[in-house]
1. Would it be correct to say that residue 188 is of a type outside the set (Val, Ile, Thr), under 23 Å from residue 54 (Cβ atoms) and in contact with a Phe, Trp or Tyr (Cβ under 8 Å, 6 or more places away or on another chain)?
2. Looking at residue 115, is it surrounded by fewer than 20 Cβ atoms within 10 Å (Cβ to Cβ) and either modelled with pLDDT under 95 or hydroxyl-bearing (Ser, Thr, Tyr) (or both)?
3. In the stretch 104-148, what residues are closer than 24 Å to residue 177 by Cβ and aliphatic (A, V, I, L, M)?
4. Would you mind listing the strands (runs of 3 or more DSSP E) fully within the stretch 65-115 where at least 1 residues are touching a residue at least 40 places away in the same chain (Cβ under 8 Å), over 18 Å from residue 174 (Cα atoms) and out of contact with any Leu (no Cβ under 6 Å at 6 or more places or on another chain)?
5. Look through the stretch 152-196, keep the residues that are over 19 Å from residue 67 (Cβ atoms) and in a strand (DSSP E or B), and return whichever of them is modelled with the lowest pLDDT.
Amino acid sequence: MNAHRKTTDPSTTTRHRTDRRIGRTVLAAGAVAALGLAWAGTAEAATPSTAKATPTCSAAALKATFGRQLAGGMNHQGVVITLRNLSGRTCALRGYPGLGLENAAHKAITTHTHWGNTWYAKDPGRKTLVLKDGQSAEAVVAWTHANTGTSGAVHASYLEITPPASTKHKTLAFPQWVDHADLSVTALARHINVSD
């Protein structure tokens, strides 16, 4: 009796294995290509928003002025400061202005600045303000003053105003007595409601 043996041509087996490997390689390459296209699509989608990011307003782009003067009882005093974009292009501000006092010779006086609510206004919090050319943002500065002869009273002649994210400042005349050189300031906003 002849036994029937199942035989396989070695070349056929090798061909099937090779075909399977090639198939797997093609699938893997397809998956990598798909991931690459997806990544490229994501990168392309991100590029326009990055390219359109609004630059921060530099000190040179801004004009600083004093607005409404604020008075009140218990030796409180304050002022609204305004930063107007005069750069000719759109720029952005976010956060709190830096403040510093100077004497009559423009020498810096050690100043303590507190961010948040002031005697006159609630702090609006940090918000990104996109300012077109000619538009402005404001903040409220407050301090107490007991005038000369009081311990810790400092007589200032100028106020330095440093826009957020800037290393340069604007200087305004500021002939004021400030107790302990302590100033409070709100974050910048389009408009801040004040009470006095």
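1. Working: of a type outside the set (Val, Ile, Thr): yes; under 23 Å from residue 54 (Cβ atoms): yes; in contact with a Phe, Trp or Tyr (Cβ under 8 Å, 6 or more places away or on another chain): yes.
Yes: the conditions hold for residue 188.
2. Values: surrounded by fewer than 20 Cβ atoms within 10 Å (Cβ to Cβ): yes; either modelled with pLDDT under 95 or hydroxyl-bearing (Ser, Thr, Tyr) (or both): no.
Taking the combined requirement at face value, the residue does not satisfy it.
3. At the first step, the residues of the stretch 104-148 found to be closer than 24 Å to residue 177 by Cβ are 104-121, 138-148.
Result: 104, 105, 108, 109, 121, 139, 140, 141, 142, 146.
4. Working: elements: 76-85, 91-94, 98-102, 112-115.
Per the criteria, 76-85, 91-94, 112-115.
5. Our first condition is that a residue be over 19 Å from residue 67 (Cβ atoms); within the stretch 152-196, this holds for 152-155, 157, 165-168, 177, 179-182.
Among the residues that remain, those that are also in a strand (DSSP E or B) are: 153-155, 157, 177, 179, 182.
Numbers: 153: 87, 154: 92, 155: 92, 157: 98, 177: 92, 179: 94, 182: 96.
Within the stretch 152-196, the match that is modelled with the lowest pLDDT is 153.
The values are calculated or read from the model by the stated rules, or taken from the named source; none is laboratory data. Note that the structure is predicted; figures quoted are calculated from it, not measured. No Cβ is skipped: glycine too gets one built from the backbone with ideal geometry, and neighbour counts run over all protein chains shown.
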